[in-house]
1. Condition first: open to solvent by 20 Å² or more (accessible area, probe 1.4 Å), modelled with pLDDT of 85 or more and either of a type in the set (Lys, Arg) or touching a Gly at 6+ places or on another chain (Cβ under 9 Å) (or both). Now tell me which residues in the stretch 407-434 satisfy that.
2. Out of 172, 137, report the one residue that is within 26 Å of the chain's Cα centre (by Cα) and among the β-branched types (Val, Ile, Thr).
3. Pick from the stretch 318-344 the residues that are part of a strand (DSSP E or B) and surrounded by fewer than 19 Cβ atoms within 10 Å (Cβ to Cβ): which of them is nearest to the chain's Cα centre (by Cα)?
4. Identify all residues within the stretch 466-502 that are assigned to a loop (DSSP other than H, G, I, E, B), open to solvent by 70 Å² or more (accessible area, probe 1.4 Å), touching a residue at least 40 places away in the same chain (Cβ under 8 Å) and over 15 Å from residue 453 (Cβ atoms); write none if there are none.
5. Within the stretch 548-568, track down each residue that is in a loop (DSSP other than H, G, I, E, B), surrounded by fewer than 23 Cβ atoms within 10 Å (Cβ to Cβ) and not small (Gly, Ala, Ser).
6. Return the residues of the stretch 92-106 that are within 16 Å of residue 612 (Cα to Cα) and either surrounded by 19 or more Cβ atoms within 10 Å (Cβ to Cβ) or touching an Asp or Glu at 6+ places or on another chain (Cβ under 8 Å) (or both); say none if nothing qualifies.
7. Considering each of 357, 362, 367 in turn, give the residue that is at pLDDT 90 or above, assigned to a loop (DSSP other than H, G, I, E, B) and not charged (D, E, K, R).
8. Please find, within the stretch 284-312, the residue that is farthest from residue 261 (Cα to Cα) out of those that are under 47 Å from the mean Cα position of the chain (by Cα) and touching a residue at least 40 places away in the same chain (Cβ under 8 Å).
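The values are calculated or read from the model by the stated rules, or taken from the named source; none is laboratory data. Computed from a predicted model, the values in this text were never measured in an experiment. Here the Cβ positions follow ideal geometry from the backbone for every residue, glycine too, while neighbour counts run over all protein chains shown. The area values use the complete protein model at the heavy-atom level, side chains included, leaving out ligands, DNA and RNA. Shrake-Rupley method; radii C 1.70, N 1.55, O 1.52, S 1.80 Å.
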Amino acid sequence: MNLRKLAAAAVLAIGGTMLAATPAHAANIASNPGFEDGLTGWTCTASSGATAVSSPVHGGSKALQATPQGSDTGRCQQTVPVKPSSSYSLSGWVRGAYVFLGVSGTGITEQSTWTSSPSAYAQLTRTFTTGASTNSVTIYVNSWYGQGAYQADDIVLDGPPGAGAPAVPTNVTGTSTPSTATLKWAASEGATSYNVYRDGTKVGSATTTTYTDIGAPAGSHVYQVTAVNAVGESARSESVTLVVGNDTPQVPATPTGLTGTGGTTTATLKWTASSGATSYNVYRDGVKVGTATTTTYTETPSAGSYSYQVSAVNSVGESAKTAAVSVTVGNDTPPPPGTPTGVTATVSGTTVTLKWNGASGNPTGYNVYRGNSKVGTTTTTTFSEVLAGGTYAYQVSAVNPTGESAKSAPVTVTVGPGDPTSNRVLVGYLHASFANGSGYVRMADVPKEWDFINLSFGEPTSVTSGDIRFVRCPVAECPSVEPDADFIAAIKAKQAQGKKVLISIGGQNGQVQLTTTAARDKFVESVGAIIDKYGLDGLDVDFEGHSLYLNAGDTNLSAPTTPVIVNLISALKTLKAKYGSKFVLTMAPETFFVQLGYQFYGPGANGSADQRAGSYLPVIHAMRNDLTLLHVQDYNSGPITGLDNQYHTMGNADFHIAMTDMLLAGFPIAGNTNNVFPALRPEQVAIGLPAAQYAGNGYTSVAEVQKAFDCLAKGTNCGTYKPRGVYRGLRGLMTWSINWDKYNNFEFSRNHRAYLDALN
């Protein structure tokens, strides 16, 4: 939840300096670990500007320096041969605002860690075990989107070395015919197959030491061969040049497949490429009007009908012209789009949601009317707003550059009485199992300002056991801790006052991975036992670290396949069914697991992204009908891209507005408009904040927090970022933590309770 140990250290470090011993390393199997040989052995992203610098360094005379650019995190990596089912330790010294060190391809669980140390080198360390069939892993270092340059040095991978990639093939020879090229080479030790490259592009593979390239284009070609095994691919062999057929250039063939379309002011031609062509000539009514190096051409003649032809050109000459196609310019102004159909309206509380079928005629948007007034526009086929009690009639029209369609048939809805803003809440975490340097607060002494009290934390007996235990703070750490009987009595007293008391599972140290159905069932059993023992109202899911992740290929929001996701959803649905409609379910993910999904979702198509990115989204989506509150931690976060496609950095009103707007407006996942995270209802969302500067990175002043809430809930006091709507039902605020708030003289609870009550 809050980098628990870091917060405690921030309070205690005033009195002294802490020193950490550097562990000894048995062996280092990483190549060029200190970048003394430049970037030899390392592969860095193209736009990172990676280089070896002489200052600042941690050891030796060189260190790596790279800079993130746009969506490039500035990653440098190398693949290292390892042994299956073996233990390894990865460490490195890094310097920068946000720097990550990690390993992928372990065959079990990916590992990564990070730090923020912009002015001095800090050491990062992770341990891992390889899978039974793992022969190589990829170690990497990178920064965060939108950050400045970082440095890395002395990267160490301790553990038994594995077999390497096979040797480069030797004695490559070849012969050619008018239509084929045949290659032969000497076998490489350890190779299981070979790849063949023609002019730098892979054209085939073989399991023997010979390969015939059938149908190679006529001309002179350069061939190379590599050897492959389970570890990887060797470097390419020395090249051999072969001439296939008659390689004297010929006049290119006449282009085929010519088509033409006319627009209001343009004529656009397309055709199929001709072999050997370097460019194309375009003719209108027999006169050459242009050239193209691609297979498309657009021009803007005056209105009328024209006859077009195309020829292919190279250094030898020009082909014959194609058959003519006729194109008419200036009479194809599209009509307005069709009227939307299938308009429906539903009411949840005081939120009205409209849905309809997409209109014909390529609409660019839709207008929504309530009565005779236009109340909104959207580019999707859904619209929501919050209203006071009453009966309302809605209609929808479609628009495009030509005009607006007729309005749909009206649909009428009735909103019941009640104002969603009358129940604004404050959610706070209570250090029930530790003191954390902020002091222990007895349950009976929790101030009246708090509506939701989350007991921190229930933690697993092991990462994958699913067996959750809640152990109250020991007397040695919390001298004022009350007996269980008093604790339970105080919970009942709070509930009698209308408060909700939940068990929060996870936190920074409580990593929970429900990898099996047995772990899922144990989770349900053990969490239920905690709820029953203390008479709690429900559960807060505060999974962090490596608890949730997405396997490669798991891209469908509505149908996840990764076991830790599927089993968690199943466990939460079982608990909801067990306790019924009064069961309270809240979630407190970090921005990395939710809003980062707008850019990245799991490992991505090429497997290079962090598999945890956006991994909370399928859980939230599956539980949205049972979810009481989602309060994303708008702190301990790197910069995140908002719906305005700009980076936003924590600690100010714009960050909270942008992050909350994403939850209440919805967004395409990883830019895929066919895989959209739908908007949550405003009454399901609260803003998550640290209670004080020493409670977590991203502390935001009282004034900035209330400025953000004004903008989101009232549409006033907005800054640079403009939200997609006004969310009058926005539920409230969450903070880490009740204890830190008391330590900070109740700045958070007293100021924000008065503010929320005034809104009501």
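1. Initial filter on the stretch 407-434 (open to solvent by 20 Å² or more (accessible area, probe 1.4 Å)): 407, 409-412, 414, 416-420, 422-423, 433.
Then keep just the ones that are modelled with pLDDT of 85 or more; that gives 407, 409-412, 433.
Result: 407, 433.
2. Numbers: 172 fails: within 26 Å of the chain's Cα centre (by Cα).
Result of the check over 172, 137: 137.
3. Of the stretch 318-344, the ones part of a strand (DSSP E or B) are 318, 325-329, 344.
Pick out the ones that are also surrounded by fewer than 19 Cβ atoms within 10 Å (Cβ to Cβ) and you get 318, 325-326, 328, 344.
Details: 318: 51, 325: 47, 326: 48, 328: 47, 344: 32 Å.
Looking at residues that are part of a strand (DSSP E or B) and surrounded by fewer than 19 Cβ atoms within 10 Å (Cβ to Cβ), I get 344.
4. Going residue by residue through the stretch 466-502, those that are assigned to a loop (DSSP other than H, G, I, E, B) are 466-467, 470-483, 497-499.
Subsequent filtering for residues that are open to solvent by 70 Å² or more (accessible area, probe 1.4 Å) retains 471, 475-477, 479, 483, 497.
Filter once more, so that each one left must be touching a residue at least 40 places away in the same chain (Cβ under 8 Å): 477, 497.
The one that is assigned to a loop (DSSP other than H, G, I, E, B), open to solvent by 70 Å² or more (accessible area, probe 1.4 Å), touching a residue at least 40 places away in the same chain (Cβ under 8 Å) and over 15 Å from residue 453 (Cβ atoms): 477.
5. Going through the stretch 548-568, the residues in a loop (DSSP other than H, G, I, E, B) turn out to be 548-562.
Applying the additional criterion that residues be surrounded by fewer than 23 Cβ atoms within 10 Å (Cβ to Cβ) yields 549, 551-559, 561-562.
Passing the criteria: 549, 551, 554, 555, 556, 557, 561, 562.
6. Pass one, the stretch 92-106, residues within 16 Å of residue 612 (Cα to Cα): 100-106.
Hits for the stretch 92-106 are 100, 101, 102, 103, 104.
7. Numbers: 362 fails: at pLDDT 90 or above; 367 fails: assigned to a loop (DSSP other than H, G, I, E, B).
Result: 357 is the single residue among 357, 362, 367 that is at pLDDT 90 or above, assigned to a loop (DSSP other than H, G, I, E, B) and not charged (D, E, K, R).
8. Here is the first cut: in the stretch 284-312, the ones under 47 Å from the mean Cα position of the chain (by Cα) are 290-301, 310, 312.
Next, only the ones that are touching a residue at least 40 places away in the same chain (Cβ under 8 Å) stay: 295, 310, 312.
Values: 295: 14, 310: 15, 312: 20 Å.
Restricting to residues being under 47 Å from the mean Cα position of the chain (by Cα) and touching a residue at least 40 places away in the same chain (Cβ under 8 Å), the top hit is 312.
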